[in-house]
Amino acid sequence: MPGSSTSENRNHMDRQSADDCLVSAAFRHLPIAAWVLDASGVVRACSSAAEVLLGREPEEAVGVAFGELSGQPLCTPGSSDEPGEPGASDKPGEPGAGAKLSERSGRHFEPTAAALLRTRSGEPVASVLSTVVLDAVGRVGGGFLVTATPGQAVDPPGGQASPAQGIAAATAEQTGLPGRASMAEQVSLLLEACHAGTANGALALVRLDGLADVAATFGHEAGTEMLLAVAGRLKGGSDGAHFVGQLGEETLGVLISGPDSESVVRDAHRLGALLRAPVEIEGRVLACDASTGFALAQPGMGRPELQRRAETALAHSRQAGRGQAAEFSPDMAVQLSERLETESALRRALSGNELAVHYQPIVDLDTGHLVAVEALLRWNRPGIGMVPPDGFIPLAERSGLIVPIGRWVLEKSCVDAAHHGDGALPAEWAVSVNLSVRQLQDDRLARHVTEALERSGLATDRLQLEVTESMLAADPDAAEAALRRLKEIGVRIALDDFGTGYASLASLRRYPFDVLKIDKSFVAGVNSDPDDAAIVIATLKLAHSLGLCSVAEGVETPDQLHFLRRHGCDKFQGFLFSRPQPIEKLGGLLVATTALRPTAGPGRLEGAANSCSRSPTGNGLR
């Protein structure tokens, strides 16, 4: 019957639509970074892991050529340089690229190229790309899927130059410095001499961490001039001439030789002193921020092993802090392996529901009531258990993962504050969320905050954002601008860990703070150390005189609480009241605690005003 056929077609279309939605949702939640490209190499979809890897939101990746994400052509399996054949020069997004890719018959994953993908901030992510050609309407060539495995970039099969090598070669050509090929030849000669017992030497890798900032601020010519100036210093060394080559946009290789290993090591460590001196560029005296790692050449060692050791030492140097030269040791390799494994696990944690937010109550000292909570990140790592914050937050900062993780914490905290459904928590409670320095430097921060508030329905005055003193020191002007944009939204700003960083009294007036949080290291000694007591008293008076709400952190004893109440502290948080808890366990803490109420009188310094003016909702936060 015609009606039956129409109904069947409609049901088939409904099932197809449901299947499409299911496939789309499954793709979005893949635990690997993946992109779907159309036949012309333009990104049509990306997994959530791809967003985390590159710090790019979907609207920043979908609709652009994949080459713009990597800055490099996509090398494909079976590449050839013969005319008319798909080769390493094929770039997705250029005419003809999709047609050439459509000729491939393979449908299985296989390594295609070592590539340097780029995060939104420009940080390189060494990855191995794999592709599979997709079938569209019964023919091969509808598009293709690209996956990225983060890790050390390796040369693809066939001896082709990887994209990373292409970057280095082009840059070396512009500067006139020897490139990768020349450096590889010199390293091989050094290793041969070392094996024959006629030479001692080391390979040092120097990463100019501040070069990108110089180029971005003063132009690429200034960046090139700084690179050449540093290379000139390194060539002279201290005990003799060094061979210097360019291995990347910001990386130099230095071959050091000497009569014995002790002199080689001594000379390698002196590279740090050579790099610490400022460089004069176009009349400007600029700091040369650099990290150096080196490895001694050993008899019987191959070039890849020497380079791997030098790269491991460089990674250790960058982690330890700029300006130092680190020598490779076996322990470094173990530490680096553990760090990379943890970073990989952390990337999976964000999409694998392994992260959680616990909340520590913030208590009003007048009433003893909970008036707000601070959101604190926790990671329940499979096979290991609960990882303390200092076990993964610094790594998240260095890797850039802190930006998507921080955004997730922000959104989760806003939703929890707005929609905690068991009725135990009052609608007036406020939530305080810590920001990272990378978030503060991200020009999307204000938009992310606005979106989190709009999606959750949380009132703006119920969200407080915390920054530390050290976060402001990197770029005070940019930090001030970012904080003022947040204040325009209507959220409150707290200065966390006051007294432990670089803030001056002037900064308390410069930045739009609402709250001053006293670090727990001072609170711990108020009853035993006169200096700590004096610092806390002075800080409380300062906060009140500036109209700031004062919050003491790390309160653990009744004596500490009594001291803080006696000297006019507005609020406190600490184990005395509660450890950080999952949100569902906070309800039982809302009943006023008699032991926390003032026993008599206002409990404040004579003449001290309560700077935390109560809002009509009574949340205790202005």
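The values are calculated or read from the model by the stated rules, or taken from the named source; none is laboratory data. Keep in mind that this is a model prediction, so the values were computed, not measured. In this analysis, Cβ positions are derived from the backbone assuming ideal geometry, glycine residues included, and neighbour counts consider all displayed protein chains. Heads up: the accessible areas ignore ligands, DNA and RNA and are worked out on the full protein's heavy atoms, side chains in. Shrake-Rupley method; radii C 1.70, N 1.55, O 1.52, S 1.80 Å.
One table, with the values for the structure above:
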read-out: Computed over region 372-506: relative contact order in percent, which uses C-alpha pairs under 8 Å that are six or more apart; value: 23
read-out: Full-stretch length increase - residue 216, residue 64 - with 0.36 nm per residue and alpha-carbon distance subtracted; value: 52.4 nm
read-out: Derived scalar couplings ³J(HN,Hα) [region 535-551; Karplus, 6.51 cos²θ - 1.76 cosθ + 1.60; whole Hz; x for Gly, Pro]; value: 5, 5, 4, 5, 5, 5, 5, 4, 4, 5, 5, 8, x, 9, 6, 9, 10
read-out: D_trans [Stokes-Einstein, Kirkwood Rh over alpha-carbon pairs] for region 398-482, 10 °C, 1.306 mPa s, µm² s⁻¹; value: 116
read-out: Region 181-306 pair-distance distribution - Cα-Cα, 5 Å bins, rounded %; value: 2, 11, 22, 22, 17, 12, 7, 5, 2, 0
read-out: For region 268-324, the spread of Cα positions along each principal axis, largest first, Å; value: 48, 20, 17
read-out: Cβ-defined net charge surrounding residue 466, 11 Å radius [Lys, Arg +1; Asp, Glu -1]; value: -3
read-out: Inter-label distance for residue 263 and residue 32, nm, one decimal - labels placed 7 Å from Cα along Cα-to-Cβ; value: 5.1
read-out: Heavy-atom accessible surface of region 186-276: percent carbon and sulfur, 1.4 Å; value: 53
read-out: Additional length obtainable on full extension of the chain from residue 338 to residue 556, 0.36 nm per residue less Cα span; value: 75.0 nm
read-out: Per residue value of the accessible surface for region 347-410 (all protein chains in place, 1.4 Å probe), Å²; value: 36
read-out: Percent carbon-and-sulfur accessible area, region 301-378, ignoring ligands, DNA and RNA, probe 1.4 Å; value: 45
read-out: Residue 270 paired with residue 228, simple spin-label distance in nm, labels 7 Å along Cα-to-beta-carbon; value: 2.6
read-out: Orientation-averaged projected area, Cα convex hull of region 485-564 (nm²); value: 5.5
read-out: Whole-number accessible area per residue in Å² for region 471-583, which is evaluated in the context of all protein chains at 1.4 Å; value: 42
read-out: Amide hydrogen neighbours beyond the local backbone of residue 297, cut-off 5 Å, H modeled; value: 201, 202, 203
read-out: Charge sum, other residues only, whose C-beta stays under 15 Å from residue 283's C-beta, Lys/Arg counted +1 and Asp/Glu -1; value: -3
read-out: Simple label model, 7 Å out from Cα along Cβ direction - residue 534 to residue 348, nm; value: 5.4
read-out: Given 487/571; 487/541; 517/571; 412/487; 412/585, the pairs whose alpha carbons are separated by over 18 Å; value: 487/571; 487/541; 412/487
read-out: Interchain or long-range residues, amide H under 5 Å from residue 552's placed H; value: 518, 571, 572, 573
read-out: 3J(HN,Hα) from dihedral phi, region 463-470, Karplus parametrisation 6.51/-1.76/1.60, rounded to Hz, x for glycine, proline; value: 10, 10, 10, 9, 10, 9, 4, 5
read-out: Rounded if a/c under 1.5, otherwise prolate or oblate - region 313-377, Cα gyration tensor axes; value: oblate
read-out: Cβ-derived FRET efficiency at R0 35 Å, residue 441 paired with residue 331, nearest 0.05; value: 0.60
read-out: Per-residue SASA entry for residue 285, accessible area with 1.4 Å probe, Å² rounded to 10; value: 100
read-out: Quotient of C-alpha Rg and 2.2 N^0.38 Å, computed over region 286-397; value: 1.56
